[in-house]
Structure formats: structure tokens, C-alpha cells
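Peer 1: Sharing a structure with you now.
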Amino acid sequence: MESLVVSAPAPQEGVSIVESIVDNPLVTGTHLAAALWLYVDDLGRSHALSQGVEDSTGSYWHGIMHRREGDFSNSHYWFNKVAAHPAIDLINDYDPHGFIDEVERCHQSQPQDLVARQRREWQTLFEWCAREEDH
């Protein structure tokens, strides 16, 4: 997740790693698989999974995916469906809609503070999903 908005195909090395992980159903469920595809910039596979999950966590991954593809209005739509997801409160100084607007304004210059915030957002939601799948 080096860029805020993905403009190139997913790197094959990352794709291969994720393929080996998601092929093992003991390792990942749908939420985590969508997250892993998102992390390696394979937005198509992430989208296919997240749009099929009709809960606030699926909407959360879906919203991040649309923000990363540069479809900011669609990202706002999906974050409206997220509502008050518990993972949001785990990220300091985080407003999903404000973040979408910041990324829209600044994504071409790739400000490192926004890239770091994006990674923190992804990591927090990923860890939350991993804990939930253990239950």
C-alpha cells in the first residue's frame, strides 16, 4: 500500500503471496481475503469479495477499495453504510469521510502522512477482523 490511489496493476509477487494464503480456508475468511487483496493493490479481487459481504465490515473494506481506486463519491456511499463500526474508534483522530476528502485533494502528491494513515486504517480493521474470525 505505497500509494493512496492505485494506478498500476498489482505486483505479481504480492498477488502470488496472497493467492497462497487465501487458498487455505483455515487461514482467511471473506473479510480477511478482501483485505489482503486490497493490501497488494488487486482492487478487482478485493471488490469482488467485499461487495458480496452485506455487513458493516464488508462495507468498510468496500469503501476503502473505492477510495483507493479514486472513486471518492462511491467511497463516501459505502462509508455511509459502515455507520459506527467498532474499528473506527480504534484509530486515533480518524474520520473516514474527512480522510476520503483529504485523499481526493492530495492523492497525486502522495503525502506520506496520508499513506501512513491509510496503512494504520488497514491494519486496524484487519486486526479487528482477525479477532472477530477467531470467535
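Every number in this text was worked out from the coordinates using simple rules, so none of it is lab data. Because the structure is predicted, anything quoted here is derived from the model rather than measured. Cβ sites come from the backbone with ideal geometry, for glycine too, and all protein chains shown count toward neighbours.
Peer 1: Can you give me the distance in nm between label points at Asp23 and Gln51, each placed 7 Å from the Cα along the Cα-to-Cβ direction?
Peer 2: 2.6 nm
Peer 1: Have a look at Ser50, Ser59, Ser20 and tell me which one the Gaussian network model of the chain (Cα, springs below 10 Å) gives the largest fluctuation.
Peer 2: Judging by the Gaussian network model, the answer is Ser20.
Peer 1: What is the ratio of the Cα radius of gyration of the chain to 2.2 N^0.38 Å, with N the residue count, to two decimals?
Peer 2: Normalised by 2.2 N^0.38 Å, the Cα Rg of the chain equals 0.97.
Peer 1: Whose amide H sits under 5 Å from the amide H of Ala10, counting only residues 5 or more places off or on another chain, with H placed in the peptide plane?
Peer 2: Result for Ala10 returns nothing.
Peer 1: Okay, next question. ³J(HN,Hα) across the stretch 33-47 via Karplus (A = 6.51, B = -1.76, C = 1.60, θ = phi - 60°), whole Hz, x for Gly/Pro?
Peer 2: 5, 4, 5, 5, 4, 5, 4, 9, 6, 8, 5, x, 5, 4, 4
Peer 1: Sticking with this structure for a sec: I need to check one value: relative contact order of the chain, counting alpha carbon pairs closer than 8 Å and at least 6 residues apart, in percent.
Peer 2: Rounded, it is 26 percent for the chain.
Peer 1: Take the alpha carbon gyration tensor of the stretch 1-66, find the square roots of its eigenvalues, order them as a ≥ b ≥ c, and report rounded if a/c is under 1.5; if not, report prolate when a/b exceeds b/c, else oblate.
Peer 2: Taking the square roots of the gyration eigenvalues as a ≥ b ≥ c, the stretch 1-66 is oblate.
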